[in-house]
Amino acid sequence: MNKKGLLIVISGFSGAGKGTVVKQLIKKYNYSLSVSATTREPREGEVDGREYYFKTKEEFQNLIDYNGFIEWAQYVENYYGTPRAFVEEEMEKGHHVILEIEVQGALNIKNQYKDALLIFITPPSAKELRNRLVGRGTEDAQTVEKRMKQAQKETKDMVNYDYIVVNDDLEECVQTVHGIIQCETCKLSNNKEFIEEITNQLNEQ
Ligand code: 5GP
């Protein structure tokens, strides 16, 4: 039996460390990572097709028009979208696909894919979030304030997630997220076909 893979959405405040958590999950376990398209400029060290597919606004609009995304959203002044083909093909092959996307996109996914698993990564406290943003040293004071304000807005969307995982210790957080995904694969609603199959086998013997 080729069981369909899970669709896993991972979100979190900017500075929560979700990018690192996702990188570790991909490195350690056999998850497929969806690479998004974006209209934002590449940051130093980012490679087209690895971190993102970097697109012009026009190319991005074309992809929207041709139903090329399973979801897309505007975040700050840029657009971000999840390419449809990769996600659907991987799930069909039975691979679990991770999307690292923001809250509007996550909600959009939940509305379309009832079985999607939504996980929100958070630091232990607001104070710790600020420490991490300041500690990164990549943002000026004004940007830190903007990200803190954005995090404040995103708190109202946390209730839409299935699981909230505190990223205090990275290794522990990665293990917890992996554990949640493993549990999800055993959920009754994700095993209907298996039940049917084993029932038929037992009836036919
Ligand atoms: P950044 O510009 O810092 O790489 O990403 C900004 C935000 O966009 C992050 O919260 C990231 O998770 C989110 N994001 C990245 N790709 C997608 C996507 O395909 N769809 C949506 N909705 N959000 C995305």
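The values are calculated or read from the model by the stated rules, or taken from the named source; none is laboratory data. In this text, all values refer to a predicted model and were calculated from it rather than measured experimentally. Cβ sites come from the backbone with ideal geometry, for glycine too, and all protein chains shown count toward neighbours.
Being surrounded by 12 or more Cβ atoms within 10 Å (Cβ to Cβ), assigned to a loop (DSSP other than H, G, I, E, B) and either within 16 Å of the ligand (Cβ to nearest atom) or over 14 Å from the mean Cα position of the chain (by Cα) (or both) is a property that D168 has.
Scanning the stretch 83-101 for residues that are near the ligand (Cβ under 9 Å from one of its atoms) and not β-branched (V, I, T) yields a total of 3. Listed by position, the helices (runs of 4 or more DSSP H) contained in the stretch 53-164 that have at least 1 residues being of a type in the set (D, E) are 57-65, 84-92, 126-136, 141-154. Just so you know, in the stretch 62-82 the residues that are surrounded by 16 or more Cβ atoms within 10 Å (Cβ to Cβ) and among the β-branched types (V, I, T) include one that is nearest to the ligand (Cβ to nearest atom), and it is T82. Restricting the stretch 91-108 to residues that are buried (at least 20 other Cβ atoms within 10 Å of the Cβ) and out of contact with any Phe, Trp or Tyr (no Cβ under 8 Å at 6 or more places or on another chain), the residue that is farthest from V177 (Cα to Cα) is V103.
Taken as a whole, the stretch 29-47 holds no residue that is under 29 Å from Q182 (Cβ atoms) and among the charged types (D, E, K, R). Report whether or not A106 is out of contact with any helix residue (DSSP H, G or I) (no Cβ under 9 Å at 6 or more places or on another chain) and within 26 Å of T185 (Cα to Cα). For A106, the condition - out of contact with any helix residue (DSSP H, G or I) (no Cβ under 9 Å at 6 or more places or on another chain) and within 26 Å of T185 (Cα to Cα) - is not met. Beta carbons closer than 8 Å, at least 6 apart along the sequence or on distinct chains, pair a first residue in the stretch 56-72 that is within 21 Å of Q112 (Cβ to Cβ) with a second that is among the basic types (K, R) and within 12 Å of the ligand (Cβ to nearest atom) for L63/K55; N67/R84; G68/R84; F69/R84; I70/R84. For G12, the conditions (1) within 12 Å of the ligand (Cβ to nearest atom); (2) without any contact (Cβ under 8 Å) to a residue 24 or more places away in the chain; (3) under 30 Å from K146 (Cβ atoms) are fulfilled apart from (2).
The residue that is nearest to I98 (Cα to Cα), counting only those in the stretch 23-49 that are within 12 Å of the ligand (Cβ to nearest atom) and part of a loop (DSSP other than H, G, I, E, B), is S34. Only one of the listed residues (L129, L107) is more than 16 Å from G15 (Cα to Cα) and either over 15 Å from the mean Cα position of the chain (by Cα) or at pLDDT 95 or above (or both). That residue is L107.
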